[in-house]
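Worksheet: one structure, shown below.
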Amino acid sequence: MEVIPTGSLRLDIALCTGGIVPGQFVEISGPESSGKTTLCQHIIAEAQALGESCAFIDADRTFNPAYARRCGVDLNRLYLCEPRDMEQALAILEALVFSGGMAVIAIDSLTALVPKDELAAPLGADLASQSDNLLSMALRRLSGPIQQVQSTILFTRQTEAAPGAVYHDLAANLSRLGLKLHAGLRIELQPAGVLEIKGQIIGNQIIVRVLRNKIAPCFPTLKLDIVYNHGINKVGEIFQLSVESGLITQQGLAYFYRSQELGTGRQEAFRFLNQNAPVCEAIEQTLRQQLLKTVRSSPAEIGPAIK
């Protein structure tokens, strides 16, 4: 089955599919500054590396081209738009899906989408359910076409610190559950700490919870490292998992991949992989095949390493 990698080897292996299976809705939720946009940009970069076209609907108006480029996004092959209201965003989404030319379409974020009537309404007007009805209608209209054209739709949503709505309110307004019911994959991100080198903070550590996966059983939680102005620390994940699986061996202080020396010490080996993309890609492909084979046959053996 063809999949789209997420930009994180740990997350690809934890999903037990090697990435995101096309043709489904994906919800990425979490509090502010938890890495939702970063994960979307890495997924788009991986899809572009496979030769696919992608789109980014920036409802937050916070798209940073320089940071997206550092995450691997090819800006010359990215369709970018900034909708003025929710109706326009959903109309653009529908047009892109029916065009059949987009492998990944990201909407960042649902929290910033406001219906046209709500923008024109006086302050204090009760129009809270209108956005839920519009989203639910769009999901019902697009659930069939995205499977036919094999498009993956990424929705980011900011979670609130306060408890959610009580059950009887949701039962009276089922449209509020539209994305939860239609999403084939639901991922929640939560900041867990900071990354430090010699006392200097260089990034954040993120706990990833897979709330739902309709394609395959998966590991419920894992951790990712997001480095400031760089994105997901994929090379660090490859190096760590390769050492734990025995693909990269250590002789004294030196690290070796087969007969090739990577460097003396972890920092030198990590720098070598960063500067030699072909070697890093070869290690990743071998490691990906090895871990996916292991996780499908005996998940208990690889689970602790992924987490």
Hits in region 231-273 - residues which are surrounded by fewer than 16 Cβ atoms within 10 Å (Cβ to Cβ) and closer than 22 Å to R69 by Cβ: R271
Whichever residue in region 70-104 is part of a helix (DSSP H, G or I) and among the charged types (D, E, K, R) and, among such residues, is nearest to the chain's Cα centre (by Cα): R70
Would you say K307 is within 30 Å of L181 (Cα to Cα) and modelled with pLDDT under 90? yes
Please find, within region 195-223, the residue that is modelled with the lowest pLDDT out of those that are in a strand (DSSP E or B) and surrounded by fewer than 12 Cβ atoms within 10 Å (Cβ to Cβ). I197
Give just the number: which of (1) in contact with a Leu (Cβ under 8 Å, 6 or more places away or on another chain); (2) not in a loop (DSSP other than H, G, I, E, B) does S34 not satisfy? (2)
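In the set A14, A49, which member is in contact with a Leu (Cβ under 8 Å, 6 or more places away or on another chain), of a type in the set (G, A, S) and either over 19 Å from T156 (Cβ atoms) or in the same structural domain as L189 (by TED's automatic domain parsing) (or both)?
None of the others qualify; the one that does is A14.
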Single unsatisfied condition, Y67 versus (1) in a helix (DSSP H, G or I); (2) of a type in the set (F, W, Y); (3) free of Cβ contacts under 8 Å to residues at least 60 places away in the same chain: (3)
I'm trying to understand the selection: among the residues of region 149-174, which are closer than 24 Å to L93 by Cβ and modelled with pLDDT under 50? N173, L174
Residues that are among the acidic types (D, E), under 26 Å from L134 (Cβ atoms) and outside any helix (DSSP H, G or I): does region 2-18 have at least one? no
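The values are calculated or read from the model by the stated rules, or taken from the named source; none is laboratory data. Nothing here was measured: the structure is a model prediction, and the numbers come from that model. Every residue, glycine among them, receives a Cβ derived from its backbone with ideal geometry; neighbour counts consider all protein chains shown.
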